[in-house]
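The block underneath contains the structure these notes are about, expressed in structure tokens.
The values are calculated or read from the model by the stated rules, or taken from the named source; none is laboratory data. Only a predicted model underlies this, so the values are computations on that prediction, with no experimental measurement involved. Cβ atoms come from the backbone with ideal geometry, glycine included; neighbour counts cover every protein chain shown.
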Amino acid sequence: MVLPASGAHQIDDPLARYRRMRAQQVLFDLQDGGPATGYDEFVDAAGDVRPAWQELADGMRDRGRSGLDRLRAAVRDLVDNDGITYIPVDYQGADPDSGPMPIPWRLDPLPLVISAADWDGLEAGLVQRSRLLDAVLADLYGPQRVITGGVLPPQLLYAHPGYQRAAHGIAVPGRHQLFLHGCDVSRAASGDFLVNADWTQAPSGAGYALAGRRVIAHAVPELYEQIAPRPASPWAQALRLALIDAAPESAEEPVVVVLSPGIHSETAFDQAYLASLLGFPLVESADLVVRDGKVWMRSMGTLQRVDVVLRRVDADYADPLDLRADSRLGVVGLVEALRRGSVSVVNTLGSGILESPGVQRFLPQLAAALLDETPLLGAQPMYWGGIDVERSHLLANLSSLLIRPVTGGESIVGPELSDERREQLAAAISTTPWQWVGQELPEFCSAPSAFAAGGLSAASTGARLFTVAQRGGYAPMIGGLGYVLAPGTSAFRLDTLAAKDVWVRMPARATAEKTPDVTGLPAMAFSRPTREVSSPRVLSDLFWIGRYAERTEHMARLLTVTRERHHEFRYRPTDDGGDCVPVLLAALAALTGGDTGTDDVTEMVATAWSTLWSLTADRHRPGSLAQSVERLGLAARAVRDQMSNDIWMVLAAVERALLQAPEQPPESKAEGEAFLSTTNNLALAGMLALSGMIAESMVRDIGWTMMDIGKRIERGLALTALLQTTLTSVRRPGAEQTVIESTLVACESLVIYRRRNPGKASVAGVAELVLFDGTNPRSLVYQLERLRADLKTLSGASGSSRAERMVDEIAARLRRIEPDELESVDGGGRRRELDGLLAATHQALRELAGVISATHLSVPGEMQPLWGPDRRRLVP
């Protein structure tokens with residue numbers, strides 16, 4: 001297949017555009033000092049589309065530029081619906097109260113296609129490289145033959161921060177010390193694949209690769225079916241079995257956990273998604289404790305033994321006792337448990353030494369010494385300053401090399417150096433030459449991309465590939481995490497613009513994809529279920545999911561009815577019913593813990609529109625709809641491994657509507673009104689859908705119970721605060737009628753009230769329905785009954801625990817009062833009995849929330865999340 005000529009009549013032909021963009025990219029690379037454009041994955045030197053890409057080329061031509069734009073939008077929507085996010089490394093501008101906000105994962109709609117023949121060679125080289133790094137790791141933390149034998153200079157080992165002296169002599173059970181390996185590769189102009197980086201500390205990206213495959217397969221189902229790339233999902237099963245098999249021999253039914261730095265980690269989604277695929281709990285440091293030389297997981301006042309930890313916390317931070325004392329992400333005593341062999345941590349502590357440029361420089365020699373082999377996957381030539389001839393080359397070519405310190409730190413891109421900085425670097429290398437390694441700049445191939453607007457373009461591309469240790473060797477993920485590199489010299493640091501799915505073509509004579517065989521594994525290869533395990537941290541987040549979801553729903557209802565009443569009466573301020581507007585604004589202020597900002601009713605009504613905007617869209621305003629949605633998303637992401645994809649579809653739609661809105665209202669009032677109406681409706685619909693999924697799809701375990709407790713407490717708090725603001729003062733009959741009906745709308749009880757009380761407005765009737773009616777799911781009594789039932793299922797429940805007694809006391813107070821008594825009015829026009837009941841109940845519910853948090857949801861005070869103190873919660 002030959003690319004068509006780029007005539008003007010072919011303006012919508014994406015393949016013609018690719019040819020033009022490819023030519024422009026070559027010119028741009030020559031001018032800006034970025035990576036030279038070399039091998040083209042898509043077309044050969046004659047301009048023919050390569051065989052592996054032909055179906056995809058036909059599909060792109062059929063779609064045209066507009067079709068590719070629609071495909072990009074569809075991929076973006078799928079990413080949002082699945083809640084695939086990441087957190088930029090640059091945290092500047094992050095909200096100090098909630099930490100950096102996750103942003104949608106950037107995914108190119110077009111995959112990177114690799115032919116079967118190319119993959120065979122790449123796979124062989126990748127597996128060999130994993131074996132080589134495994135052998136190096138075992139030797140460096142064991143006999144150190146490569147040091148004593150003079151193959152690797154000792155300073156290159158001991159000076160690198162990836163080497164952990166505390167880990168010397170600690171071995172992972174099994175044949176391999178390197179458990180998980182990530183390898184960044186790209187294709188050079190020669191067509192050979194070269195390694196740009198090895199990731200062995202705590203490799204990330206596998207979860208993103210598997211999630212990206214799911215998105216692209218849904219976005220282009222016809223192409224996916226036609227090309228039929230080899231599946232990547234069997235690798236997840238291989239990883240699961242390998243984790244179980246990594247347990248100490250004494251573990252009969254191993255318990256495996258995934259240790260995460262927390263939701264503010266750059267790759268929090270990657271960790272949570274992988275944990276959910278594997279079916280293992282995602283834990284943080286506060287969830288684990290070391291006692292008697294063993295690692296345990298906290299679970300509702302009990303401890304469960306942990307046998308394997310898949311570590312996503314950097315080794316330095318894994319144990320504040322033996323490693324970094326200032327760490328708040330690690331488990332105190334973890335190194336001692338490793339020394340005793342009571343737990344396996346993978347990747348093992350100290351595996352980051354394999355990422356050292358000093359070790360990388362000597363890999364060919366290490367391969368010969370340890371394996372008697374020559375690496376099948378090469379890398380760009382490297383020069384160590386400790387060897388005279390290589391130091392001379394390094395100093396003479398600083399402007400065209402990638403300079404990497406062997407003592408740790410960021411790589412220095414030679415083409416970016418100023419004259420002054422180059423002289424300073426040359427002086428530093430001359431002073432301590434052994435601390436520096438230079439490497440020829442990486443080369444990258446070109447491949448089609450539709451990530452940017454405007455149709456098809458040519459983009460510099462690379463890929464991260466993964467292997468996991470098996471008993472017989474290493475199992476590669478068929479495919480991996482491709483990426484579109486940033487333009488210019490930043491590409492040399494592997495800075496990326498977007499991810500790409502990697503499709504590996506089936507061989508000509510396709511065979512069924514092999515999946516790991518579980519029948520040959522002993523009984524210990526099957527892990528113990530963690531059905532009832534929920535740490536206080538997890539339960540706390542679930543508790544707050546219940547509260548924030550209910551808070552969002554109630555706020556959306558009240559904002560809607562307030563806005564409607566404001567529209568109804570803003571041109572009739574003297575009508576009796578108009579008195580309801582300041583009352584409802586005061587209710588909104590009470591629910592958000594603030595005030596109306598003024599006691600002047602006229603001013604309050606005049607500024608109502610800006611107040612409603614702020615309470616809807618300003619996520620920095622305590623209690624606003626936007627803030628409740630933001631905090632709901634944070635709590636949900638902290639327990640993402642326990643949430644289904646359907647829940648993310650709901651949350652993503654609400655977050656898109658609210659969290660991307662401007663904090664200041666637009667100049668056009670009509671535009672602003674339309675936004676408020678649409679947003680409130682969407683938030684309400686989303687919370688109703690979320691409530692339905694929680695009620696109908698979640699297992700009724702302890703996590704669900706804690707979520708329901710949060711919901712019931714929050715509903716009770718909102719109800720009592722609303723009634724206290726709206727019903728405790730006597731008003732004119734017209735105003736009383738409107739306020740009562742508005743209150744009932746906010747409580748979702750107006751329809752049944754009208755059936756029971758036709759033609760009249762009665763505070764006693766309202767109280768009967770929303771306070772005392774046990775058949776009304778919105779009533780206070782109903783919330784207390786649900787709380788009583790939920791509390792009975794918690795550990796330590798005896799019928800007389802403090803929380804249970806508090807619920808009984810609230811219920812007893814309600815039983816002592818008749819609805820008619822709440823109608824009584826004092827001389828000042830206040831319903832004192834009703835006011836006292838609501839105030840006392842509200843305070844009791846707040847105290848109940850505090851007791852539950854203290855007894856069931858408290859985490860160790862000495863630990864804190866990655867983003868400093870945990871400020872995600874609002875004051876209840």
Going through the range 283-315 one residue at a time, which ones are assigned to a helix (DSSP H, G or I) and of a type in the set (Ser, Thr, Tyr)?
Ser285
Would you check which residues across the range 427-443 are more than 42 Å from the chain's Cα centre (by Cα) and either in contact (Cβ under 8 Å) with a residue 12 or more places away in the chain or assigned by TED's automatic domain parsing to the domain that holds Gly488 (or both) and list them?
Ser430
Output the residue which, of all residues in the range 680-729 that are under 22 Å from Arg846 (Cβ atoms) and touching a Phe, Trp or Tyr at 6+ places or on another chain (Cβ under 6 Å), is modelled with the highest pLDDT.
Gly710
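One line per residue, one yes/no per condition, for (1) in the same structural domain as Asp322 (by TED's automatic domain parsing); (2) of a type in the set (D, E, K, R):
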{"residue": "Leu133", "(1), (2)": "no, no"}
{"residue": "Asp139", "(1), (2)": "no, yes"}
{"residue": "Gly142", "(1), (2)": "no, no"}
{"residue": "Pro153", "(1), (2)": "no, no"}
{"residue": "His168", "(1), (2)": "yes, no"}
{"residue": "Gly182", "(1), (2)": "yes, no"}
{"residue": "Gly191", "(1), (2)": "yes, no"}
{"residue": "Leu194", "(1), (2)": "yes, no"}
{"residue": "Val215", "(1), (2)": "yes, no"}
Odd one out for Asp287, checked against (1) closer than 30 Å to Met506 by Cα; (2) buried (at least 22 other Cβ atoms within 10 Å of the Cβ); (3) of a type in the set (Asp, Glu)
(1)
Within the range 123-148, take every residue that is among the charged types (D, E, K, R) and over 31 Å from the mean Cα position of the chain (by Cα) and give me the one that is farthest from Gly479 (Cα to Cα).
Arg145
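For the range 576-654, which helices (runs of 4 or more DSSP H) that fit wholly inside it have 2 or more residues that are more than 22 Å from Leu722 (Cβ to Cβ) and either without any contact (Cβ under 8 Å) to a residue 24 or more places away in the chain or in contact with a helix residue (DSSP H, G or I) (Cβ under 7 Å, 6 or more places away or on another chain) (or both)? Walk me through how you get there before you give the answer.
Working: elements: 580-591, 601-606, 608-617, 625-638.
Helices (runs of 4 or more DSSP H) meeting the threshold: 601-606, 625-638.
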What tally of residues in the range 785-832 results from selecting those that are among the basic types (Lys, Arg), out of contact with any strand residue (DSSP E or B) (no Cβ under 7 Å at 6 or more places or on another chain) and over 30 Å from Asp701 (Cβ atoms)?
5
Would a scan of the range 777-800 turn up a residue that is surrounded by 15 or more Cβ atoms within 10 Å (Cβ to Cβ), over 19 Å from Asp708 (Cβ atoms) and in contact (Cβ under 8 Å) with a residue 12 or more places away in the chain?
no
Does Gly169 qualify as being modelled with pLDDT under 95 and at positive phi?
yes
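Would you be able to say whether some residue in the range 855-863 is farther than 25 Å from Leu750 by Cβ, among the small types (Gly, Ala, Ser), in a helix (DSSP H, G or I) and modelled with pLDDT under 95? Lay out the reasoning, then the answer.
To start, the set of residues in the range 855-863 that are farther than 25 Å from Leu750 by Cβ comprises 855-863.
When the remaining residues are screened for being among the small types (Gly, Ala, Ser), the result is 858, 861.
Still in the running and in a helix (DSSP H, G or I): none.
No, there is no match, as no residue in the range 855-863 is farther than 25 Å from Leu750 by Cβ, among the small types (Gly, Ala, Ser), in a helix (DSSP H, G or I) and modelled with pLDDT under 95.
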Entirely in the range 191-276, the helices (runs of 4 or more DSSP H) that have 3 or more residues that are in contact with a strand residue (DSSP E or B) (Cβ under 7 Å, 6 or more places away or on another chain) and under 25 Å from Ile170 (Cα atoms)
234-245
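I'd like the full set of residues that are part of a helix (DSSP H, G or I) and either within 34 Å of the chain's Cα centre (by Cα) or buried (at least 18 other Cβ atoms within 10 Å of the Cβ) (or both), limited to the range 149-160. Explain how you work it out, then say what you get.
Step one: list which residues in the range 149-160 are part of a helix (DSSP H, G or I), which gives 154-158.
Scanning the range 149-160 gives Leu156, Leu157.
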Counting only helices (runs of 4 or more DSSP H) wholly inside the range 333-401, the ones holding at least 2 residues that are under 39 Å from the mean Cα position of the chain (by Cα) and within 25 Å of Glu416 (Cα to Cα) are 357-361
